[in-house]
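Beneath this line is the structure, given in structure tokens, with notes to follow.
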Amino acid sequence: MLFNSLTFFIFLSIVLTAYWLLPLRRQNILLLVASYAFYAFWDIRFLFLITLTSVIDYTAALIIYQGKVARRERLISSGWLVVTCFLFVVIPYSKVSINGLFTAGVWSILFSNVFGWKIFFTVVSVTLLCNLLYPLVLKIPDTQRRRLLLVSTIVVKLGLLGFFKYYNFFMDNLYNLIAVTGFNPAVMRLNIILPVAISFYIFHTMSYTIDVYNNKMVPTTSFVDFTLFVVFFPLLAAGPIVRASQLLPVLSSQRTFRSEQFMRGLHLILLGLFKKVAIADGLAGTITHVFQSTGHLSWTDTVVGTLCFCIQIYCDFSGYSDIARGISKLFGIDIMLIFNLPYFSRSPTEFWTRWHISLSSWLRDYLYIPLGGNRKGRIRTYVNLMLTMFLGGLWHGAAWNFVLWGVYHGAILCIYRFIDETRHVTNRVESFIGGLGKGILFFILTCYGWLLFRAHSMSAILKLTTNLFTGFGDFTINVAKPMPAALLGIPLLIIYEIFTYRFKSDKFYQRLSPSLQGFLYASIILVLVLGLRNAPAQFIYFNF
Amino acid sequence: MVLSKKIYIVFWIIVWLVVFDCCINILFPYPVDTEILPNAFQEYFEYGRSVEGKIKRKLPSIERQDATQAKGGWLDTNRLKCIPIEGADSGKLITIYGMSHANAFAQAMIKIASYRIRNITTGGAPPNWSYAAFQMDHKLVHSDVAVLSVMTIGVADMLGTSGMTAFFEHPYTYTFPHYEISDNGLTMEMPPFYTRDGFISCFRDPVKLKRYTQWLSQNDAFYSEFLFKQGLTDYSVIVRALKRVYFTTFVYSKTEKIYTIEKGFNESCNEVNVLKRIIHEFAQTARTNNIVPFIYIVNNQLCNDDMYQLLKPQLEADKTPFLSTHIICPPSNPAVYGSDGHFTIEKDHELALAAIKIISGMDSVAPKQIIFE
């Protein structure tokens with residue numbers, strides 16, 4: 001169920017209407033059920049992974065903070081784990097049909113999923129074991145117990161992430177490495193499906209436990225609130241990675257309907273749809289032509305394709321984030337800003353405070369700073385930056401191009417930092433190219449980064465890079481033209497963003513007269529309507 | 001924000017949308033004179049007009065026989081008999097049946113002038129049009145070689161019965177039969193009209209048009225009353241744009257069951273099986289009539305070699321000679337395509353040379369497999 005589909009808006013309307021008719025506790029239960037249903041549209045089996053991570057972090061955080069979990073909460077979380085395992089893993093929904101129930105019978109269908117039953121019995125056994133070991137865990141000294149639980153939860157979750165997302169990548173590279181030595185071991189590749197949003201909810205929950213461990217927040221005792229924090233559907237599929245300290249208090253308190261907030265939500269949804277449907281999807285054809293090309297590409301093709309992807313990824317992801325924030329506002333929940341005019345950045349440091357803010361701040365707070373940040377000398381700072389960006393790149397996907405993209409940005413950050421530290425060079429450079437020049441230079445560097453990000457293989461990166469540096473002069477254009485809605489939408493978006501930059505607020509439109517606001521919305525609606533013809537595509541960040 | 005301001009904003013949104021709508025209609029009016037070709041903007045904003053609206057505007061020029069889109073595509077024996085022979089003055093006669101790709105291929109063959117060529121093609125022709133054209137034509141003019149063209153994205157168009165329903169944005173006036181597999185081979189359901197005169201008579205007579213739309217609603221999967229019938233909605237640019245969106249979604253809901261770029265062909269669907277049967281029956285009929293059958297497989301841009309992979313087993317089983325474009329024109333290479341999605345002239349020339357090489361190796365109509373590598 002994509003945000004840009006009619007099905008989603010029907011679903012949203014139903015949930016939203018019911019939501020504002022219910023009291024708080026029931027609002028949260030409704031949102032929880034709706035969020036599970038939303039995820040089940042992709043693959044119901046992987047809902048169990050979400051339940052598992054929710055239960056682990058919920059109980060671990062309570063033990064870390066208060067040294068115990070009340071019997072009732074233990075029973076609820078254990079019961080929920082077992083029930084959801086049965087519901088989501090054991091029942092083979094693909095085989096269930098009304099006719100099937102009559103012909104094959106309920107039991108034969110239920111017992112047809114042997115693998116599901118194996119997982120079920122394992123989960124039941126482990127749950128019982130954990131409950132049996134619970135008194136022993138309480139006897140461990142406080143400091144050791146806290147550390148043990150923190151490390152255990154991190155290991156389990158990184159283990160899940162590593163298995164589902166990186167197993168085949170690491171195995172392939174390991175075999176390639178072994179093959180260099182002359183051995184040819186049997187390949188142990190597994191047919192693993194990447195669960196949607198796994199990178200996002202793993203990071204979501206990790207930050208919660210770490211914050212509780214570091215006494216930055218008090219864990220919640222409400223299992224419903226915590227589970228809702230993990231699966232809240234506007235943020236589930238592709239973030240933002242909202243901190244528990246920001247979202248949980250909102251989910252635990254009374255929300256009131258405010259028309260101001262509701263209107264702002266609608267504005268963000270409209271803006272997000274405009275970016276995604278009219279621009280990002282309108283550029284998709286051109287980009288596919290360039291990056292999936294096996295034949296000759298001119299210099300202009302490569303530049304146009306890269307520039308289009310630079311715009312597409314921004315519109316796709318910031319469009320998604322705008323819609324997610326907008327939907328949250330419709331439910332009376334405010335979510336942090338995720339994109340703050342990133343292409344207006346004049347330096348790599350500024351870029352990472354404007355691009356995918358929730359991820360970059362997560363990496364800063366939970367990786368870069370714990371590694372020592374910039375407090376342990378110049379060399380160590382560079383190492384920390386490179387390591388953070390390397391892992392940031394790898395977070396996006398199990399492929400070398402993402403790693404290369406991360407390392408590339410890490411290198412740019414290091415070089416910039418080095419230049420910045422050498423003041424006299426900075427001054428000379430600044431006086432020479434000026435602020436605008438720096439912005440343009442950094443934009444070009446960012447664009448090349450996107451080429452690394454989008455290319456599907458190392459050979460493609462090599463081909464496109466060679467083309468960029470040696471093919472200048474070949475100005476023929478072979479690639480398909482972007483869709484008219486994208487061509488109309490891009491200037492409109494640029495004007496919108498220039499105003500946002502000038503007014504230093506993304507609410508600048510509220511200061512305009514009703515006729516001008518009407519003009520702005522009518523322009524966006526017109527381009528959006530024209531763009532609805534574009535082939536709908538999944539949001540790029542759903543793959544991560 | 002006070003309520004009155006919100007109401008004002010909504011009011012102004014509506015006002016501006018109406019203004020934009022009127023401005024676009026005034027700035028980019030579709031030429032009334034059918035002799036004048038519309039520019040890109042005029043064309044773009046007209047795509048969503050109803051089929052009936054578009055056709056009726058062109059009807060006078062269709063009657064004068066000067067509307068490009070109405071010239072071709074009629075499965076009319078009188079028209080087929082008059083198709084000129086081009087290319088070489090003597091030698092084998094090759095008749096090419098198919099869509100615009102086949103037309104470009106035929107033009108390239110004509111230029112090479114190794115053989116005599118008859119070009120029986122029309123824009124967007126699905127395999128059932130090409131097969132029906134062959135079935136009618138081979139009884140009128142004897143060819144030495146018959147080339148049946150099929151393309152990846154054309155298979156789903158077999159769901160339709162007319163270029164009007166399958167190509168809503170740019171409707172072609174021709175009609176074609178619908179085929180079903182039966183015990184005796186293929187059964188054919190002919191549309192109520194398949195000549196230009198029949199078409200004009202239908203669109204000039206409201207009773208006949210009503211009867212035709214009723215027939216379409218029963219026999220044409222692409223028919224939608226909302227898209228076909230003329231109405232007030234034709235006057236608004238925004239509603240026309242929304243109609244395009246509806247068309248895209250509506251058609252995709254039908255065609256995705258047959259082919260998608262991501263999943264390829266659904267080999268269990270009826271149209272794919274009908275296509276394979278058409279390929280088989282075409283080869284048999286041709287050989288029975290002392291004609292060499294030849295299949296020209298067009299693999300559309302970004303569609304991999306899906307069409308080739310789908311038909312290869314059938315063609316090998318029947319030992320039918322064929323040329324698949326994917327070797328000369330890889331679907332993933334944008335450089336081999338022009339801006340309209342057709343192959344470049346150079347590539348069509350290469351394809352024609354490859355076809356000639358295969359055809360020259362065919363000394364009899366007996367089944368013979370020649371694979372171009």
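Heavy atoms of the protein chains alone define the surface here; on that basis the range B:77-362 has 39 Å² accessible area per residue at 1.4 Å probe size.
Relative to the longest principal axis of chain A, what angle (0 to 90°, nearest 10) does the C-alpha long axis of helix A:458-470 take? Value to nearest ten degrees: 20.
For chain A, find the longest principal axis of its Cα atoms and tell me its angle to the long axis of helix A:47-66, 0 to 90°, nearest 10. That helix lies at roughly 80 degrees to the long axis. Only protein heavy atoms count here; on that basis, with a 1.4 Å probe, B:Phe265 has an accessible area of about 30 Å².
How many Cβ atoms of partner chains, on average, are near each residue of B:241-249 if near means within 10 Å of its Cβ?
Values: counts 8, 4, 1, 4, 7, 2, 1, 5, 4.
Other-chain Cβ atoms within 10 Å of each residue's Cβ, averaged: 4.
Karplus-derived 3J(HN,Hα) values for the range A:312-317, using 6.51 cos²θ - 1.76 cosθ + 1.60 with θ = phi - 60°, are 4, 5, 5, 5, 5, 7 Hz; glycine and proline are entered as x.
Projecting label points 7 angstrom from Cα along Cα→Cβ for A:Leu445 and A:Thr466 puts them 2.7 nm apart. Amide H contacts of A:Asn534: none lie under 5 Å away among residues 5 or more positions distant or on a separate chain (H built 1.01 Å from N in the peptide plane; Pro and chain starts excluded). When the label point is put 7 Å from the Cα of B:Tyr30 along its Cα-to-beta-carbon vector, which residues of the range B:223-244 have a backbone N closer than 14 Å? The answer is B:227-244, whose backbone nitrogens lie closer than 14 Å to the label point. Counting 0.36 nm for each residue step from B:Met188 to B:Ser253 and taking away their Cα separation leaves a gain of 20.9 nm. Computed over the alpha-carbon pairs of chain A, the distance histogram in 20 Å steps reads 18, 52, 28, 2, 0 percent, short to long.
Considering only protein heavy atoms and a 1.4 Å probe, what is the carbon-and-sulfur percentage of the accessible area of chain B? Could the numbers behind the result be given before it?
Numbers: 9100 of 16140 Å².
In chain B, the share of accessible area belonging to carbon and sulfur is 56 percent.
What does the charge count near A:Phe309 come to, summing +1 for each Lys or Arg and -1 for each Asp or Glu among other residues with Cβ under 11 Å from its Cβ?
Values: positive: A:Arg454; negative: A:Asp316.
Net charge in that neighbourhood comes out at 0.
Take the Cα coordinates of the protein assembly as shown, assign each an equal point scatterer, and use the Debye formula without solvent to give log10 I(q)/I(0) at q = 0.10 Å⁻¹. Once normalised to I(0) and log-transformed, intensities are -1.31. Largest to smallest in accessible area, the residues A:Arg255, A:Arg72, A:Arg45 fall in the order A:Arg72, A:Arg45, A:Arg255 (1.4 Å probe, all protein chains included).
Between A:Leu22 and B:Gln218, the simple label model (points 7 Å from Cα in the Cβ direction) yields a spacing of 5.0 nm. The phi-based Karplus calculation (6.51 cos²θ - 1.76 cosθ + 1.60; θ = phi - 60°) puts the 3J(HN,Hα) values of the range A:408-417 at 4, 5, x, 5, 4, 4, 5, 4, 4, 5 Hz, whole numbers, x for Gly and Pro. Within the range B:160-258, the GluC sites (Glu not before Pro) that combine a DSSP coil assignment with at most 16 other C-beta atoms in a 10 angstrom radius are B:Glu256. What separates the Cα centres of the range B:133-186 and the range A:239-318 is a distance of 42 Å. At the residue level, A:Phe331 shows approximately 0 square angstrom of accessible surface with a 1.4 angstrom probe and all protein chains present.
Computed over neighbours whose Cβ is under 12 Å from that of A:His204, the net charge equals 0, Lys and Arg +1, Asp and Glu -1. Of the accessible area of chain A, with the probe set at 1.4 angstrom, what percent is carbon plus sulfur? Carbon with sulfur: 70 percent of the solvent-accessible area. Within the full protein context, the accessible area of B:Lys210 is estimated at about 120 Å² for a probe radius of 1.4 Å. Rolling a 1.4 Å probe over the heavy atoms of the protein chains gives the range A:127-285 an accessible area of 43 Å² per residue. In order along the range B:268-280, phi translates into HN-Hα couplings of 8, 6, 4, 4, 5, 5, 5, 4, 4, 5, 4, 4, 5 Hz, rounded to whole numbers, per the Karplus curve 6.51 cos²θ - 1.76 cosθ + 1.60 with θ = phi - 60° and x for Gly and Pro.
Could you give the accessible area per residue of the range A:290-357, probe 1.4 Å, as a whole number in Å²? Let's see the in-between values first.
Numbers: 1620 Å² over 68 residues.
Each residue of the range A:290-357 exposes 24 Å² on average to a 1.4 Å probe.
Based on Cα atoms of chain B, Rg over Rh with Rh as the Kirkwood radius reads 1.02.
Between B:Cys22 and A:Lys139, what FRET efficiency follows from the Cβ-Cβ distance if R0 is 56 Å, with the result rounded to 0.05? Numbers along the way, then the final one.
On the way: r = 80 Å, r/R0 = 1.42.
With R0 = 56 Å, the Cβ-Cβ based efficiency is 0.10.
From the protein chains alone at 1.4 Å, what is the descending order of accessible area for B:Arg240, A:Arg454, A:Arg243, largest first?
Largest accessible area first, the list is A:Arg454, A:Arg243, B:Arg240.
Summarising the amide proton neighbourhood of B:Phe343: residues at separation of 5 or more, or on other chains, whose placed amide H is nearer than 5 Å comprise B:Gly338. Pairs of Cα atoms nearer than 8 Å and 6+ residues apart set the relative contact order; for the range B:77-362 it is 19 percent.
So how much accessible surface do A and B hide from each other in total, probe 1.4 Å, in square angstrom to the nearest 100?
Values: alone 25660 and 17470 Å², together 40490 Å².
Roughly 2600 Å².
In terms of its alpha-carbon gyration tensor, the range A:308-376 comes out oblate; a/c meets the 1.5 threshold, while b/c is at least as large as a/b. The base-10 log of I(q)/I(0) for the range A:114-255, evaluated at q = 0.15, 0.19 Å⁻¹, reads -1.00, -1.27 [Debye formula, identical scatterers on Cα atoms, solvent excluded]. Comparing each chain alone with all protein chains together (probe 1.4 Å, DNA, RNA and ligands left out), the residues of the range B:15-37 losing at least 50 Å² of accessible area are B:Trp16, B:Phe20.
The values are calculated or read from the model by the stated rules, or taken from the named source; none is laboratory data. All values reported here derive from a predicted model rather than from experimental measurement. Every residue, glycine among them, receives a Cβ derived from its backbone with ideal geometry; neighbour counts consider all protein chains shown. Note: areas computed on protein heavy atoms with side chains; ligands, DNA, RNA excluded. Shrake-Rupley method; radii C 1.70, N 1.55, O 1.52, S 1.80 Å.
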